[in-house]
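Written out below as structure tokens is the structure these notes cover.
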Amino acid sequence: MRNWLIMIFMQCFVVLQTDTFVTSMDLSYNDLSTDVCVSLGRALVKNNKMLKINLTVCNIDVEGCQAIANGLEYNSYLKEIILYGNKFGMEGSNSLASMLQINNTLESLNIASTDQTSQSFIPICTVLHKNTSIKQLDVSRTIPHSDEQVIANHFSKLLAQTSTLAVLKLSKCDITDTGASSIAFYLRDNTSLKYLDISCNHLSSDGAIAFAELLQVNTCLEELFMCSNDIRDTGLMAISEALACGNSTLKKLWVCNNSITGKGLSTLAAALFTNKTLTHIYIWGNTLDEMACNAFKVLISEPEPRLKEENLDVQLYCVDGKNYLAETGHFNFSH
């Protein structure tokens, strides 16, 4: 970063120490040196209006992360900080864990793609057992580890005890069926988690069956993001049965790119005529054969469609009397 740009940032942060109007700041995709991060940390100590800071891919190193964490220890106003893509690794996350022991107002922390390993989450999860302010946590895209069970075990134990965490993103964390089963088991009695992202992992039908069993007893999970796994027809059929037979809380389900055919998708479609809670379904990237297309035609056909087209990622069209589904690009993400 050029020296003059560094000075501009540092002067801005000085103003932020007393500014009473700026509540959100987006510095994403800048190159923030350690000195700039130190200035930002100092500003956070005194600023009492800032609610959100986006520091996505700012080349923040360990020292920079430590400076920001030190500032957050004394800040009692900031609600959300995004640190996605900064490669500060375990040393940086340890600083954030120490900060969370003191800070009791931060509600959302994003440290996805920051070169975390399974060992990074020991202090984070330990602190979150007692922290009552964090409601949303994104730790996606960890560095692959020889024991993929470690991450799942840490978060399973956290989910068994937390009463505040509402959103957890574990995408690209190398979670297998065993880890998914552990997470699903400990979620049975959880009363706070509403959104779980377990996409881009290594779940097969066994992992999906574990979540199907969870859906039969869990009373708070509203959104389940399972894209880019390998749950296949068997896994989706188990989830569909749970939706038809007992679940009344799940509102959104993502199962894109899961090697599912019309057999599984038609079972899901049939389940929706019993289940009246699920309103959003995303299925693109699977085998949308004739059975699947015909089943979803019934769901979205007039005069009283079970699903609204804007709540799907596919759209029905007909050629020569045959039904097809095309991608629409609709993805109604809540978080």
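In this calculation the C-beta distance from E310 to H145 is compared with R0 = 56 Å, giving a FRET efficiency of 0.90. Between E327 and S248, the simple label model (points 7 Å from Cα in the Cβ direction) yields a spacing of 3.7 nm. Across the range 238-326, counting alpha-carbon atoms alone, Rg and Dmax equal 12.2, 40 Å. The long axis of helix 3-16 is offset from the longest Cα principal axis of the chain by roughly 90 degrees. Its Cα gyration tensor gives the range 187-335 an equivalent ellipsoid. The semi-axes, each the square root of 5 times an eigenvalue, are 24, 16, 14 Å from largest down. A simple spin-label model places pseudo-atoms 7 Å from Cα toward Cβ; at S24 and F273 they are separated by 4.3 nm. Principal axis extents of the C-alpha atoms in the range 141-236 (largest first, rounded to whole Å): 30, 30, 17.
Rounded to the nearest 500, the 222 nm mean residue ellipticity of the chain from helices alone is -12000 deg cm²/dmol, with -39,500 (n - 2.57) taken per DSSP H run of at least 4 residues.
Value of Rg to Rh for the range 81-223, rounded to two decimals, is 0.94; Kirkwood radius and Rg both from alpha-carbon coordinates.
Remark: the chain carries 43 Å² of accessible area per residue (probe radius 1.4 Å; ligands, DNA and RNA excluded).
Filter the cross-link list K276/K308; K194/K251; K252/K308; K52/K172; K79/K135; K169/K252 down to pairs whose alpha-carbon distance in this structure exceeds 18 Å.
Numbers: K276/K308 13 Å; K194/K251 10 Å; K252/K308 13 Å; K52/K172 25 Å; K79/K135 10 Å; K169/K252 15 Å.
The pairs that break the limit, which is 18 Å between Cα atoms, are K52/K172.
The label-point distance for C318 and D206, in a model that sets each label 7 Å from Cα toward Cβ, rounds to 4.5 nm. If you take percent of Cα pairs over 25 Å apart from the coordinates, which of (1) 50; (2) 62; (3) 55 do you get? Only one option fits the structure, namely (3).
The values are calculated or read from the model by the stated rules, or taken from the named source; none is laboratory data. This one's a predicted model, so the numbers in the text were calculated from it and none came from an experiment. Using ideal geometry, Cβ is built from the backbone for each residue, glycine included, and neighbour counts are taken over all protein chains shown. The protein model used for the area step is the full one, side chains on, heavy atoms only, and it has no ligands, DNA or RNA in it. Shrake-Rupley method; radii C 1.70, N 1.55, O 1.52, S 1.80 Å.
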